[in-house]
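Note sheet for the following structure.
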Amino acid sequence: MTQGPGAIEQTGGGRPLPPLARAARARAPGHGPAGGGKIAYLFLAPYLTLFTVFVVFPAVYGLYVSFHSWDLLLPNKPWVGLGNYRALLDPSTPSGGDFWQSMKATAIFTAAAVPLLVVLPLGVALILNQKFRGRNFFRAVYFAPYVLGVAVIGVLWTLLLDPNIGVVNFYLEKVGAPENIAWTTSLPWAWVALVGVTVWWTLGYNAVIYLAGLQDIPRELYEAAKVDAASRWGRFRHVTLPGLRPVLVFIVTITILASANMFGQAWLITGGAPGNETRTAIMFIAQEGLQSFRLGSAAAMSFVLAVFLMLVSLVTFFFFRERGVSRGRRRA
Amino acid sequence: MAAVAHDRPAPPKARSAVLTVLASYAALIALTVVFLAPLVYMGVTAFKTNQEATRIEPTWIPKEPSTVAFDAILNRSEQTPVFRWFFNSMIAAIGQALLVVATASLAAYALARMEFRGKKVMTGVIISTLFVPPIIFLMPTYLLLDKLRWLDSLLAVTIPGAAGALGVFLLRQFFLSLPKELEEAAVLDGASPFKIFWRVILPLSKPALATLFLLAFLTNWNDFLLPLFVLFSPESLTLPPGLGLLQGSYTTSYEIIMAGAVVATVPALILFIIAQRFVIEGVAATGIKG
């Protein structure tokens, strides 16, 4: 689960110990009810080995690599300090110019996909939240595309969007659309295609999370609103939306991060075309590092992208949280 | 709300309720078509001849059903051994899911229930990695796999992914929610911590472990970015990079590419249909808890 959209959580664990655990700790310092001390390290050892070798070490090593001119094809990997980062700031260097173009592509995709993936799944979840026959069946159908990987989605939509023999153009032309829209090689159609495919692929995922959030809203609140003769919109506005706030923050955050990590769709459907217009940041970094083997430069780009993503998620988090707080105050 | 069937003429309120239900069903069915039609077309195309698969007028039922595409990818294909990819994917996904469940359950139990020095810091560090954008691991992981001589082997796509913190996070939340009395009784009986874990905790945790296994399996089964760059030779690929190779080798032989996509889809879809509730509730849980 390291790369799926589910890999990000909205808040840390850090839950305070329940009273029983605190009592147990007070009784026997250094031991929990289930044992502790050395035994705990035995339980932790297998995971911590994996975690150290494949999470902690790479994170540090990646930073180290980013300070070198690390070309796999050359014998020497000289220290360049911040050289790789400085080259990124200089648009005239090849890595600088192309990198920012790929960042722009990622930004365009994110700006287009996130609003759709925040609003549409909420609509679907609201429909699914009513009591009716076959609700679980529909929920499973809408979720189904997400179970298929991006590779299947990519090759499938390459067929469906084929300008000459694709079913999308066939049916669009029947209803009067222009002939042979080049979904994969022209703008803005390439963006429409990439965003559309991604919405189709992940809508169900967000809808399922919304649905769980909707089912957590106490029914009494709706009953109370009905007694107050609140309209359907009023109930949505004053009961549903405030009740969904934490889930909404979570959805916005994971959707931004998942969109900013977009790679497979562009790789398989447009290949970055037209030109390098739809080559996303992840795609460019992967090519720079693992096809051109300039790993130092690619590692530096990874960290720049990562800093951007963490800033964006911090901003989202505080934006929503602040509004939540002020709303609560106004009411009190 | 659904079964509003009165014989008497419905009062205005009930009539609007009926309209709501009808509108909802219309929307539900339209969405079902949108979500299922592409998948159906994938399956149908895999059973077409190349001539039919590349016709402008699409057919939703093959005029001359044919298994040439499957013959092509399963038998005569040294460059694109789809069957081999299938087994590679199975080994990697099952291996990684088992590794995740085994290591994460042990670690999560220690973090949830035991007291030891450095527990808070360790929990904080592990969980905070969930917020780190995964791209920063790609280059160093590649170099590490190179040093370990794991490039182009299934180890490269099985082991590193098992180090992710989501499993530990989810199981820790689950263990924290279990009542402590069961363990405390076992402690009084003199059971060892491992025995308690094995005999008391794990049996209670079957649904949580199954959910984690499924999510880990599906994540690995569908993983694309890492396998694409750390596996090279045709016989060592998993299905996702394999599909990329199929697309590159058979550009307009869509029936062949779709046959490969069907091979990659069927196990995931079967798992999903059998364990739909676990998968969906597991995903929903990642959103609610935390």
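Run down the lysines and flag those whose C-alpha is under 17 Å from the C-alpha of A:LYS226, throwing out any fewer than 8 positions away in its chain.
Partners found: B:LYS13.
Determine the shielding of peptide B:157-169 by partner chains: average, over its residues, the number of Cβ atoms on other chains within 10 angstrom of each Cβ.
Counting other chains' Cβ atoms within 10 Å and averaging over B:157-169 gives 5.
With the Cα gyration tensor of the protein assembly as shown in hand, give its eigenvalues times 5 under a square root as the equivalent ellipsoid semi-axes, listed largest first in whole angstrom.
Those come to 38, 36, 25 Å.
Can you classify chain B as rounded, prolate or oblate using the Cα gyration tensor, where a ≥ b ≥ c are the square roots of its eigenvalues, rounded means a/c under 1.5, and otherwise it's prolate if a/b beats b/c and oblate if not?
Judged from the Cα gyration tensor, chain B comes out oblate (a/c at least 1.5, b/c at or above a/b).
With each run of n ≥ 4 DSSP H residues scored as -39500 (n - 2.57), what mean residue ellipticity at 222 nm is computed for chain B after dividing by its residue count and rounding to the nearest 500 deg cm²/dmol?
-21000 deg cm²/dmol
Size of the dipole of the stretch A:119-233 about the Cα centre, Lys and Arg at +1 and Asp and Glu at -1 on the beta carbon, nothing else charged, in debye to 20?
420
Based solely on C-alpha atoms, express the radius of gyration and the Dmax of the stretch A:218-290 in angstrom.
Rg, Dmax (Cα atoms, Å): 21.4, 63.
Over all alpha-carbon pairs of the stretch A:109-174, lay out the pair-distance distribution in 5 Å bins, whole %, shortest bin first.
4, 13, 13, 16, 22, 19, 10, 3, 0
Nearest 0.05, what FRET efficiency do A:ARG86 and A:SER186 give at R0 = 45 Å with Cβ-Cβ as r?
So the FRET efficiency works out to roughly 0.80.
Which helices, taking whole DSSP H runs in chain A, have alpha carbons extending 20 angstrom or more along the helix axis plus mean Kyte-Doolittle at least 0.5?
A:94-128, A:189-215, A:241-260, A:295-331
Please name which of B:GLY167, B:VAL157, B:SER249 has its Cα lying farthest along the dipole of the stretch B:143-266 towards the positive end, using unit charges on Cβ (Lys, Arg +1; Asp, Glu -1) and the Cα centre as origin.
The residue sitting most towards the positive pole is B:GLY167.
Let me know the longest stretch in chain A that avoids all trypsin sites (Lys or Arg not before Pro) found in a DSSP loop with at most 11 other C-beta atoms within 10 Å.
Result, exposed sites excluded: A:134-332.
Putting +1 on Lys and Arg Cβ atoms and -1 on Asp and Glu Cβ atoms, find which of A:ALA266, B:THR265, A:ALA306 reaches farthest to the positive end of the dipole of the protein assembly as shown.
So the residue furthest toward the plus end is A:ALA306.
I'd like the mean, over residues of B:214-223, of how many other protein chain beta carbons sit within 10 Å of each residue's own Cβ.
4
For chain A, what does the equivalent ellipsoid look like in terms of its semi-axes, each the square root of 5 times an eigenvalue of the Cα gyration tensor, given largest first in whole Å?
38, 35, 19
Rg over Rh of the stretch A:186-332, using C-alpha atoms and the Kirkwood radius, what does it come to?
1.12
Could you give the length gained by full extension between B:ILE56 and B:ARG277, i.e. 0.36 nm per residue of separation minus their alpha carbon distance, to one decimal place?
Full-extension gain reported as 75.6 nm.
Can you give the calculated 222 nm mean residue ellipticity of chain A, where each DSSP H run of n ≥ 4 adds -39,500 (n - 2.57) and the sum is split over every residue, rounded to the nearest 500 deg cm²/dmol?
Result for chain A, helices only: -21000 deg cm²/dmol.
Run the simple label-point estimate for A:TRP233 and B:LEU202 please: 7 Å along Cα→C-beta, distance reported in nm.
Label at A:TRP233, label at B:LEU202, 5.8 nm between them.
Taking 22 Å as R0, compute the FRET efficiency from the Cβ-Cβ separation of A:ASN276 and B:SER249 and round it to 0.05.
Efficiency computed from Cβ-Cβ geometry: 0.40.
Could you pull out every one of the aspartates and glutamates with an alpha carbon less than 15 Å from that of B:LYS48, ignoring same-chain neighbours closer than 8 positions?
Result set, ordered by chain and number: B:GLU57, B:GLU64, B:ASP71, B:GLU255.
Most mobile of A:ALA298, A:ALA286, A:ALA177 per a Gaussian network model of chain A (Cα springs, under 10 Å)?
Largest GNM mean-square fluctuation: A:ALA177.
Counting only C-alpha contacts under 8 Å and six or more residues apart, can you give the relative contact order of chain B as a whole percent?
30
Taking 0.36 nm per intervening residue step and subtracting the Cα-Cα distance, what contour gain separates A:VAL118 from A:ALA59 on full extension?
Working it through step by step, the gained length comes to 18.1 nm.
Values in this text are rule-based calculations from the coordinates and carry no lab data. Please read these numbers as outputs of a predicted model, since none were measured by experiment. Virtual Cβ from ideal backbone geometry, glycine too; neighbours counted across all protein chains shown.
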